[in-house]
């Protein structure tokens, strides 16, 4: 599954509605609302959790994924050493990361592309990507744009 920076993953585009996603991938394994009222769809087979923002008319705004099939610029990332992932990204001029630590986990956040690589024991175990917020403090929805 290809990661499309600033757009989504695979056929998922930020701004899709739940019905669009269900048309593509079928019924989710699980669905629920989180503490903020956002609609969450979980697809176990894809190893993805999708968040539809309630205050944005339930548009897809955030994806958490951990599939071994995730690829960024043609390179698999899950299970790969974070140093190797960062080296690959540096060749694409993606070099700025904010690092946070939680117990055995570390997050590497790149704000420009709104992505997070979560590592444990120095290997990427989870990837997160969110819709971009522009200079006007508005989401840049990609779905339905020509």
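Restrict the check to the stretch 35-43 and report whether at least one residue is exposed (fewer than 13 other Cβ atoms within 10 Å of the Cβ), touching a helix residue (DSSP H, G or I) at 6+ places or on another chain (Cβ under 6 Å) and on the phi > 0 side of the Ramachandran plot.
Yes, the stretch 35-43 contains at least one residue that is exposed (fewer than 13 other Cβ atoms within 10 Å of the Cβ), touching a helix residue (DSSP H, G or I) at 6+ places or on another chain (Cβ under 6 Å) and on the phi > 0 side of the Ramachandran plot.
Test residue 140 against the stated conditions and say whether it is in contact (Cβ under 8 Å) with a residue 60 or more places away in the chain and either in contact with a helix residue (DSSP H, G or I) (Cβ under 6 Å, 6 or more places away or on another chain) or surrounded by fewer than 18 Cβ atoms within 10 Å (Cβ to Cβ) (or both).
So residue 140 fits the description; yes.
Of the conditions (1) assigned to a strand (DSSP E or B); (2) under 23 Å from residue 137 (Cβ atoms), residue 36 fails just one. Which one is it?
(1)
Right, residue 100: assigned to a strand (DSSP E or B), within 14 Å of residue 117 (Cα to Cα) and either in contact (Cβ under 8 Å) with a residue 60 or more places away in the chain or more than 13 Å from the chain's Cα centre (by Cα) (or both) or not?
It is true that residue 100 is assigned to a strand (DSSP E or B), within 14 Å of residue 117 (Cα to Cα) and either in contact (Cβ under 8 Å) with a residue 60 or more places away in the chain or more than 13 Å from the chain's Cα centre (by Cα) (or both).
In the stretch 48-67, which residue that is in a loop (DSSP other than H, G, I, E, B) and out of contact with any strand residue (DSSP E or B) (no Cβ under 6 Å at 6 or more places or on another chain) is farthest from residue 120 (Cα to Cα)?
This residue is 57.
When the stretch 1-32 is examined, which residues are found to be surrounded by fewer than 17 Cβ atoms within 10 Å (Cβ to Cβ), free of Cβ contacts under 8 Å to residues at least 24 places away in the same chain and either touching a helix residue (DSSP H, G or I) at 6+ places or on another chain (Cβ under 7 Å) or more than 26 Å from residue 94 (Cα to Cα) (or both)?
Those that are surrounded by fewer than 17 Cβ atoms within 10 Å (Cβ to Cβ), free of Cβ contacts under 8 Å to residues at least 24 places away in the same chain and either touching a helix residue (DSSP H, G or I) at 6+ places or on another chain (Cβ under 7 Å) or more than 26 Å from residue 94 (Cα to Cα) (or both): 11, 19, 22, 23, 24, 26, 27, 29, 30, 31, 32.
Write out, first by first residue and then by second, each pair whose Cβ atoms fall under 9 Å of each other, whose residues are 6+ apart or on separate chains, and whose first residue, in the stretch 55-69, is at positive phi and crowded, with 17+ Cβ neighbours inside 10 Å while the second is in a strand (DSSP E or B) and at pLDDT below 95.
If the second residue must be in a strand (DSSP E or B) and at pLDDT below 95, no pairs are left.
For the stretch 68-90, enumerate the residues that are closer than 15 Å to residue 4 by Cα and in contact with a strand residue (DSSP E or B) (Cβ under 9 Å, 6 or more places away or on another chain).
Hits for the stretch 68-90 are 69, 70, 71, 72, 73, 74, 77, 89.
Considering only the stretch 98-137, how many residues are in contact with a helix residue (DSSP H, G or I) (Cβ under 7 Å, 6 or more places away or on another chain) and within 17 Å of residue 6 (Cβ to Cβ)?
Of the residues in the stretch 98-137, 1 are in contact with a helix residue (DSSP H, G or I) (Cβ under 7 Å, 6 or more places away or on another chain) and within 17 Å of residue 6 (Cβ to Cβ).
All but one of (1) in a strand (DSSP E or B); (2) free of Cβ contacts under 8 Å to residues at least 24 places away in the same chain; (3) under 16 Å from residue 9 (Cβ atoms); (4) over 12 Å from the mean Cα position of the chain (by Cα) hold for residue 124, so report the exception by its number.
(2)
The values are calculated or read from the model by the stated rules, or taken from the named source; none is laboratory data. On a predicted model such as this, the values are computed, not experimentally measured, just so you know. Here Cβ is always computed from backbone atoms with ideal geometry, including for glycine, and neighbour counts include all displayed protein chains.
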